[in-house]
Amino acid sequence: MNSQGGNVNEEDALLIKAFDSGEKAAFDKLVLKYKNRVFNICYRFLADYEEANDCAQETFVKIYRSLKGFRFESTFSTWLYRIALNTCKNKVASLESRLRKRMVRLDSPVGDPGEESCTLEVASRALSPRDEIDRKEKEAIIERAIYSLPQDQKAVIILRDIDLLSYEEIAKVTGYNLGTVKSKLARARQALREKLGGLI
Amino acid sequence: MDCSRVRELLSGYMDQALDLETSEIVRKHLLDCKLCSEELAVLKGCVKEILSLKQVKAPENFLQMVHERIERDFEFKKIVHKFFIPLKVKIPLELVGVLGVVFLVIMVNRAHQPLSLRQPVSFTPEANQSLKGLEDPRAAILPVITSLNALSATARTGESFYLSQGAFFQNALPVYTAGRVIEGGQSFELSRYTGNEYNKEFPKIANIVESLGGAITFVHLDKETRLLESLTVRIPSNNYPVLLDKLKEISLVANPRLSVIRKDEESTELSIELLPSR
């Protein structure tokens, strides 16, 4: 979305128009083109592969249903990401109690003893002594740290630091103004810095 | 600008998202403030760690799964459309259908209720004896009681009745019942016969016995199948030949298996076997 700019948008627009005129395969091309990015966003938002799979599928089903009504008021990818994030948020809302049960709360698992106490929520299976933390476990800790952020901050940090969208693009996807994007991103990074400080 | 304000701006600073003037102020502060510089490095480290997360890819068959989901969605909509559109027509029709089904279920359920709770039934000692051996003697008569309810309104003491109940089946065989009103419709002496063609003739036999001033004193049911096997009848001895003649008029009992149990001048007690010999 951010890297190839106009060409990408133009290509998407052509596919949408083709779909609109009855070419079903155009939708498949859009799915194949965006499936990994959407999936990754969903996964980073939900920290669960199956739930992410469900959400990513649901996102494309929603797209399929409403693609004919797409008015090109934003780019396709902006619209797609917006739907993906909203689908994730709805999913979190419906699974919140269930997911909460799977969490345990740990105090300062990786931080230096002298540092300000930080709290990190990790999946119980991700527990490991500090010395045994390998790359995979480190990733799991980062995942859980992202997952533990408030939804608005999580959305912004995923779009910025994982999907590398510009501030303007994030504003379009989330509907926040630029200032809000900046402040939410700053708060999200600060929260992660507190949670992950010991890892750096 | 103090450190806390600078730290708020570090995120925008590292993304070059601050205006030039603010960015310059932050830059100068960082040159002089070791703690804030370290903070910026940690923040950058955090972002680097997040960036280093591997992209999680969708499953290979993702597109196929999306198609299946769309198909399911489409099928569901089709079903909804089929059953509910147009609402004004289909909802009332479905409502009528549902009410009809509910009515049927209630009626069937009522017919099979344990009616012993509704209708007191007493047995003569002989009848009790004949029902002995069944796990639950009441179970043998339960289906009958429904009809007795209707009967009790008009029954008179001593009146005999015969019920042919096509509605109740056990072991896929028709059920027949005969009985006698004992206490003005409050209790009944009754027998229930589930079984073959021979059982169909029971009401006729009972009628003949009654008309000749006799009575059915014992019914013998097969313990396993609960089918009627034989009847014990007491009849005035002078009517015994008439009984034999009358029984012959009944087609299926043309050659009744009879055995006289006791005979004296006044009465004769005999057994009538109704089932074909096994």
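The residues of the stretch A:1-45 that are within 11 Å of chain B (Cβ to nearest Cβ) and modelled with pLDDT under 90 amount to a single one, A:Lys24.
Quick check: anything in the stretch B:75-88 among the β-branched types (Val, Ile, Thr), under 60 Å from the mean Cα position of the chain (by Cα), more than 9 Å from chain A (Cβ to nearest Cβ) and closer than 30 Å to A:Tyr34 by Cβ? Yes - at least one qualifying residue is present in the stretch B:75-88.
Mind listing whichever residues of the stretch B:32-49 are closer than 12 Å to B:Arg7 by Cα, aliphatic (A, V, I, L, M) and touching a Lys or Arg at 6+ places or on another chain (Cβ under 8 Å)? B:Val42, B:Leu43 - these are the residues of the stretch B:32-49 that are closer than 12 Å to B:Arg7 by Cα, aliphatic (A, V, I, L, M) and touching a Lys or Arg at 6+ places or on another chain (Cβ under 8 Å).
Considering (1) assigned to a helix (DSSP H, G or I); (2) modelled with pLDDT of 80 or more, the lone condition that A:Arg98 does not fulfil carries the number (2). Checking each residue in the stretch B:229-248 for being touching a strand residue (DSSP E or B) at 6+ places or on another chain (Cβ under 8 Å) and assigned to a helix (DSSP H, G or I) picks out B:Ser237, B:Tyr240, B:Leu243, B:Leu244, B:Leu247.
Contact map, the stretch B:1-19: residues that are facing chain A (nearest Cβ under 8 Å) paired with residues that are among the small types (Gly, Ala, Ser), Cβ distance under 7 Å, separation 6+ or inter-chain. Pairs shown: B:Glu8/A:Ala186; B:Ser11/A:Ala186; B:Gly12/A:Ala186. Considering every residue within the stretch B:51-74, establish whether at least one is modelled with pLDDT under 85, farther than 26 Å from A:Asp163 by Cα and assigned to a helix (DSSP H, G or I). Yes; the residues of the stretch B:51-74 include at least one that is modelled with pLDDT under 85, farther than 26 Å from A:Asp163 by Cα and assigned to a helix (DSSP H, G or I). Among the residues of the stretch A:137-183 satisfying the criterion of being at the interface with chain B (Cβ under 10 Å from one of its Cβ atoms) and among the basic types (Lys, Arg), which is surrounded by the most Cβ atoms within 10 Å (Cβ to Cβ)? Within the stretch A:137-183, the match that is surrounded by the most Cβ atoms within 10 Å (Cβ to Cβ) is A:Arg160.
Only one entry in A:Phe45, A:Phe39, A:Phe76 is under 13 Å from the mean Cα position of the chain (by Cα) and in contact (Cβ under 8 Å) with a residue 60 or more places away in the chain, namely A:Phe45.
Summed over the stretch B:22-64, residues that are under 30 Å from A:Ile141 (Cα atoms) and within 7 Å of chain A (Cβ to nearest Cβ) total 15.
The values are calculated or read from the model by the stated rules, or taken from the named source; none is laboratory data. Note that this is a predicted model, so its numbers are computed, not measured. No Cβ is skipped: glycine too gets one built from the backbone with ideal geometry, and neighbour counts run over all protein chains shown.
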